[in-house]
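Enquirer: Below: one structure in structure tokens.
The values are calculated or read from the model by the stated rules, or taken from the named source; none is laboratory data. Since the model is a prediction, treat every value here as computed from it, not as a measurement. Note: ideal-geometry Cβ built from the backbone for every residue, glycine included; neighbour counts use all protein chains shown. The area values use the complete protein model at the heavy-atom level, side chains included, leaving out ligands, DNA and RNA. Shrake-Rupley method; radii C 1.70, N 1.55, O 1.52, S 1.80 Å.
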Amino acid sequence: MAVGPEEDLFSDFTMHPNEMDFELVELPQDTWDIYLNMISSHANMTSIPSRCFRLAILEKKTKKWVGFILLGSPVINMKPRNELLGGVFTQTKESAAAFNNTTIMGFVIVPAQPFGYNYLGGKLLAAICCSHWVREKLNAKYDMNTCMFETTSIY
């Protein structure tokens, strides 16, 4: 019998999505990093500056992780986005601070496999990023008023 963190990742090809029951869990950084490094194809930062909200999504019936999300402070100097928004959010220190206090960025939105491929798990994770539950958690944790979610993670 195999033992190790790779056994904690979702692997049931027979489970129908209607049978799944999910729980969002904030994992400690070291645990989250172990799982993410197993399933991610890019170099992962162990820490990011400013806000950092790490979520793991657990399928409760199998007790297996189906995906991982890292949300953080937005990149203030992103020319295409700033131009799209008319530049009003980042022209001064005050407007940049206001933008930062109302925006969150998805840095990591990664499903475990086969959940990502067989169940379109990345779409569920992206929807979770925009959920009221996440907004309330961010607002409470960082004393902010989250109004906008952005990511370059789903390119």
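Enquirer: From the backbone phi of region 58-72, what are the Karplus-calculated ³J(HN,Hα) couplings (6.51 cos²θ - 1.76 cosθ + 1.60, θ = phi - 60°) in whole Hz, Gly and Pro given as x?
Expert: My calculation for region 58-72 gives 9, 8, 5, 6, 8, 6, 10, 7, 10, x, 9, 10, 10, 10, x Hz in order.
Enquirer: Amide H neighbours of VAL108 under 5 Å, at least 5 residues apart or on other chains, H built in the peptide plane: list them.
Expert: Amide H neighbours of VAL108, under 5 Å, 5+ apart: LEU70.
Enquirer: Quick one: which residues, 5+ away or cross-chain, put their amide H under 5 Å from the amide H of THR146? H built at 1.01 Å from N.
Expert: ASN139
Enquirer: Taking a cut-off of 20 Å between Cα atoms, list the aspartates and glutamates near LYS60, but don't count ones fewer than 8 places away on the same chain.
Expert: Partners within reach: GLU6, GLU7, ASP8, ASP12, GLU19, ASP21, GLU23, GLU26.
Enquirer: From the residues SER40, PHE149, ILE57, which one has its Cα farthest along the dipole of the chain in the positive direction, the dipole being from +1 and -1 charges on Cβ of Lys/Arg and Asp/Glu about the Cα centre?
Expert: Ranked along the dipole, the leading option is PHE149.
Enquirer: Taking a ≥ b ≥ c as the square roots of the eigenvalues of the Cα gyration tensor of the chain, is the shape rounded (a/c under 1.5), prolate (a/b larger than b/c) or oblate?
Expert: prolate
Enquirer: Per residue of the chain, what 222 nm ellipticity follows from adding -39500 (n - 2.57) for every DSSP H run with n ≥ 4, rounded to the nearest 500?
Expert: Using -39500 (n - 2.57) per qualifying helix, the result is -9000 deg cm²/dmol.
Enquirer: Students often get this wrong, so check it: of LYS93/LYS123; LYS61/LYS123; LYS61/LYS141, which have C-alpha atoms separated by over 26 Å?
Expert: Over 26 Å Cα-Cα: LYS93/LYS123; LYS61/LYS141.
Enquirer: If you take every residue apart from LEU70 with its C-beta less than 13 Å away from the C-beta of LEU70, what net charge results, scoring Lys and Arg +1 and Asp and Glu -1? Present the calculation step by step, with values, prior to reporting the outcome.
Expert: Values: positive: ARG51, ARG54; negative: GLU26, ASP33.
Net charge around LEU70: 0.
Enquirer: Charges only on Cβ, +1 for Lys and Arg, -1 for Asp and Glu: so what's the dipole of region 70-155 about the Cα centre, in debye to the nearest 20? Don't skip to the end; give the middle numbers.
Expert: On the way: 7 positive and 5 negative charges, 23 e Å.
My answer is approximately 100 debye.
Enquirer: Still on this structure, please answer the following. Tell me, what HN-Hα J-couplings in whole Hz come from the Karplus equation 6.51 cos²θ - 1.76 cosθ + 1.60 at θ = phi - 60° for each residue of region 23-36, using x for Gly and Pro?
Expert: 9, 9, 10, 8, 9, x, 4, 5, 5, 4, 4, 4, 5, 4
Enquirer: Right, here's the next one. Let me have the relative contact order for region 7-152, percent, based on Cα pairs under 8 Å that are six or more residues apart.
Expert: Across region 7-152, relative contact order equals 24 percent.
Enquirer: Accessible area per residue, 1.4 Å probe, Å², for the chain: what's the number?
Expert: It amounts to 57 Å² per residue over the chain.
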